[in-house]
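Below is one structure, written out as structure tokens; comments come after it.
The values are calculated or read from the model by the stated rules, or taken from the named source; none is laboratory data. Being a predicted model, the structure only gives us computed values, none of them experimental. Please note: Cβ atoms are built from the backbone with ideal geometry, for glycine as well, and neighbour counts cover all protein chains shown.
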Amino acid sequence: MSDTGIEGVGQCRAPQASRFPFIRFRTLLLSSLAPFIAACGGGVLDPKGPIGSAESVILLDSVGIMLVVVVPTIVVTLAFAWWFRASNTRAKHLPDWAYSGRLEFIVWAIPALIVMFLGGIAWIGSHDLDPFAPIPSKTATLEVEVVSLDWKWLFIYPGQGVASVNELVVPAGTPIHFRLTSGTVMNSFFVPQLGSQIYTMAGMTSQLSLLADAPGVYRGLSAQFSGDGFADMHFDVKAVNSDAFTAWVGSTRGAGGTLDDAAYDKLLQQGVEPAVHTYGTVGAGFFEEIIKRSAPDAAAHGMNPMPSPPSSKSES
């Protein structure tokens with residue numbers, strides 16, 4: 001999920017006159033779309049992190065590239081319809097028009113180049129934004145373990161020994177490495193303003209790296225239909241400064257409550273969680289126990305959990 005040169009994502013550079021003319025076209029396109037983008041606050045076109053920013057650039061660039069073909073095609077279609085109207089006596093009908101290799105080359109070369117260009121953007125973007133790749137940063141990465149349930153989200157902070165339900169508190173400017181699984185059916189974890197969604201499955205783990213650029217509250221949701229309570233299966237991501245995060249961890253520990261088998265059994269019961277609540281104590285390795293518990297025969301079917309990624313606590 002990281003982006004090559006991700007520390008530069010979101011930084012603006014003035015386009016040079018010698019650069020490819022598409023830069024000017026994209027600037028004009030973004031200016032024309034600004035009112036619509038402003039109306040989409042809280043979504044993928046209002047990114048608040050480097051991953052979300054990189055993905056929105058890919059989306060807008062793809063639209064701009066396709067409009068290079070779509071707009072002229074629409075204009076030419078309307079122009080042809082107007083010129084060859086029945087009342088235009090100056091229009092010539094040439095039923096014996098011969099095959100033209102040059103025209104065929106132009107007709108096929110332009111869309112072929114566009115497809116290659118779009119394919120290149122998709123290829124590069126899919127590798128640069130690999131969800132398993134850590135985000136380069138000088139700040140130590142925060143580990144968070146995510147469990148999707150019916151119909152709620154459980155967040156475990158293994159390094160801090162606390163957990164929360166339907167609320168994810170993270171320090172702004174800090175890379176977050178998620179390990180995700182499902183305690184029940186297949187689901188999908190998605191925070192539109194921060195970046196890519198990723199699926200969760202029982203007995204297996206997936207990984208995702210995100211980062212919130214600035215403090216704020218960002219909406220998270222389930223992007224996979226999972227039953228009656230699907231519509232209410234959402235949560236808030238609260239990005240706070242490091243001092244506030246430390247204070248939250250301390251207050252969560254002080255509030256008490258233990259995430260153990262009995263508490264997890266209660267969470268496993270189908271139903272929408274009426275309010276956010278936390279656990280001040282979480283046993284070591286509880287996330288791994290959830291994985292084993294949700295798929296007791298996983299090893300026999302070759303469904304061993306994915307290995308942990310290489311250490312990415314800091315990068316100079």
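What the table shows:
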item	result
Neighbours by Cβ (under 7 Å, 6+ apart or cross-chain): first from the stretch 245-262, of a type in the set (A, V, I, L, M); second assigned to a helix (DSSP H, G or I)	LEU259/PHE286
ALA239 vs. criteria out of contact with any strand residue (DSSP E or B) (no Cβ under 6 Å at 6 or more places or on another chain), surrounded by 12 or more Cβ atoms within 10 Å (Cβ to Cβ) and within 27 Å of PRO171 (Cβ to Cβ)	no
Scan of the stretch 253-262 for residues that are in a helix (DSSP H, G or I) and surrounded by 15 or more Cβ atoms within 10 Å (Cβ to Cβ), ordered by number	ARG253
Answer from ASP265, ASP228 - the residue that is in the same structural domain as SER148 (by TED's automatic domain parsing) and assigned to a helix (DSSP H, G or I)	ASP265
Single match in SER56, SER87, SER100, SER62 (criterion: within 30 Å of ALA214 (Cβ to Cβ), without any contact (Cβ under 8 Å) to a residue 24 or more places away in the chain and not aliphatic (A, V, I, L, M))	SER56
Exclusive hit being closer than 23 Å to ARG293 by Cβ, among the hydroxyl-bearing types (Ser, Thr, Tyr) and in contact (Cβ under 8 Å) with a residue 24 or more places away in the chain, set THR200, THR139	THR200
Elements of type strands (runs of 3 or more DSSP E) in the stretch 111-216, at least 2 residues being assigned by TED's automatic domain parsing to the domain that holds ALA275 and surrounded by fewer than 18 Cβ atoms within 10 Å (Cβ to Cβ)	195-200
Any hit, the stretch 208-215, residues being in contact with a strand residue (DSSP E or B) (Cβ under 7 Å, 6 or more places away or on another chain) and either within 12 Å of SER148 (Cβ to Cβ) or without any contact (Cβ under 8 Å) to a residue 40 or more places away in the chain (or both)	no
Checklist (1) in a helix (DSSP H, G or I); (2) loosely packed, with under 12 Cβ neighbours inside 10 Å applied to HIS93, failing item	(1)
Candidates VAL71, VAL44, VAL9, VAL57, filtered to the one that is at pLDDT 90 or above and hydrophobic (A, V, I, L, M, F, W, C)	VAL71
